[in-house]
Amino acid sequence: MKTLGYLGPAGTHSEAAALYLNGLLPEKCELVPLPNIYAAIQAVEKGKVDTCLVPVENSIEGSINITLDTLASTDSLKVVRELIWGVHNHLMGRDASQTVTKILSHAQPLAQCREYLRKNYPNAELDAVVSTAAAAEQVAESPVDSGWAAICTERAGLMNGLVPLAHNIEDHDNNSTRFYQLARNDYEAELPQDKTLIICQIDGKDAGRLCEVLLEMAKRDVNMTRIESRPARTGLGEYIFFFDVDVPDKGENLAEAIRAIEKKSIWLRNPGRFPVISAPNKLD
């Protein structure tokens, strides 16, 4: 049986997304919880798991930098699927009547619920921990009268004996996270090709170079849906660019655009063409 790594432990949003994706796969995988995003990606590179599912962007808080930075630093991985996952955050505690004095969660859900927390718990201490599941575990281990609560999945709360204090507390109803399923380059799968990712470093000192790169796509009717930049760590003002691109009906147009962009880049990586799966937003 193949293995699919995810950001653990059980009860995280990543586990919920992995369970959903696993239900769609023609060959079911054993799910393997891993301690952090970097460990999940490393497990794929080292052959400890066949694939991993890692978050790449949240609709409220933006890009997951560790995922982008790791993808930029390796040429041994490819994206095999993208999953768009609706995120719902729940406030869970030891007792429904408790006065909440401290709220624990991963940094991302804390940010996704910032306005709700400001309005409803302005005096509560906010504590960022390694995952939403870890937050639920810590609250479950706290004294009943501690006033601690966790922002987590409902599954994580119930697994740890917590009760709901409030449901769906994210600041925006359309809160969602994009995940990449990553595999090694030798991973074989016949899949639809909806989208591709282009990663490149261009010379920022060359005036108009980014514009030239964008024109290589535009003049070939290649639709770019997203652009992101990250520091190249080679010098101040030097950046790596990430382009999300729709795969056009004429595949040769995309191939030509990539070749042209590579000529204008210091280096370029194109880690696969992959399908995009959108989960129903009602799922938790």
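Read-outs: derived from the displayed coordinates by stated rules, not from any lab. Quantities reported herein were computed from a predicted structural model and do not represent experimental measurements. Every residue, glycine among them, receives a Cβ derived from its backbone with ideal geometry; neighbour counts consider all protein chains shown.
Here are the numbers for the structure shown:
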quantity: Listed residues ASN123, ASN185, ASN89, most fluctuating in the chain (Gaussian network, C-alpha, under 10 Å); calculated: ASN123
quantity: Fully extended contour minus Cα-Cα distance, from GLU141 to ILE266, at 0.36 nm per residue; calculated: 39.8 nm
quantity: Those lysines that a straight Cα-Cα span of less than 29 Å connects to LYS2, excepting residues fewer than 8 apart in one chain; calculated: LYS28, LYS46, LYS48, LYS78, LYS195, LYS282
quantity: Proximal lysines to LYS102, defined as alpha-carbon separation beneath 22 angstrom and excluding residues fewer than eight positions away on the same chain; calculated: LYS119
quantity: Alpha-carbon spread of the range 67-121, three principal axes, descending order, Å; calculated: 52, 21, 19
quantity: The range 27-144 - charge dipole about Cα centre, Lys and Arg +1 at Cβ, Asp and Glu -1, debye rounded to 20; calculated: 200 debye
quantity: Square roots of five times the Cα gyration tensor eigenvalues for the range 183-249, Å; calculated: 25, 18, 8
quantity: Length-normalised contact order of the chain in % [C-alpha pairs under 8 Å, at least 6 apart]; calculated: 23 percent
quantity: Pair ALA39, ASN65: separation of 7 Å Cα→Cβ label points (nm); calculated: 2.2 nm
quantity: Under 25 Å from the Cα of LYS205 - lysines, other chains or at least 8 residues apart; calculated: LYS219, LYS263, LYS264
quantity: Point-charge dipole on Cβ atoms (K/R +1, D/E -1) for the range 90-166, about Cα centre, debye to 20; calculated: 240 debye
quantity: Computed E for ASN168/GLU238 - FRET, C-beta separation, R0 45 angstrom, nearest 0.05; calculated: 0.60
quantity: Rounded, prolate or oblate (a/c below 1.5 giving rounded, otherwise prolate when a/b exceeds b/c) for the chain by Cα gyration tensor; calculated: prolate
quantity: Largest-first principal axis extents, alpha carbons of the range 90-166, Å; calculated: 27, 23, 17
quantity: Under 5 Å, built H, 5+ apart or other chain: amide partners of SER63; calculated: ASN58
quantity: Gain in span if fully extended, ASN223 to ASN253, counting 0.36 nm per residue against the direct Cα distance; calculated: 9.7 nm
quantity: Residue-span extension gain [GLN193 to GLU27] - 0.36 nm each, minus C-alpha spacing; calculated: 57.8 nm
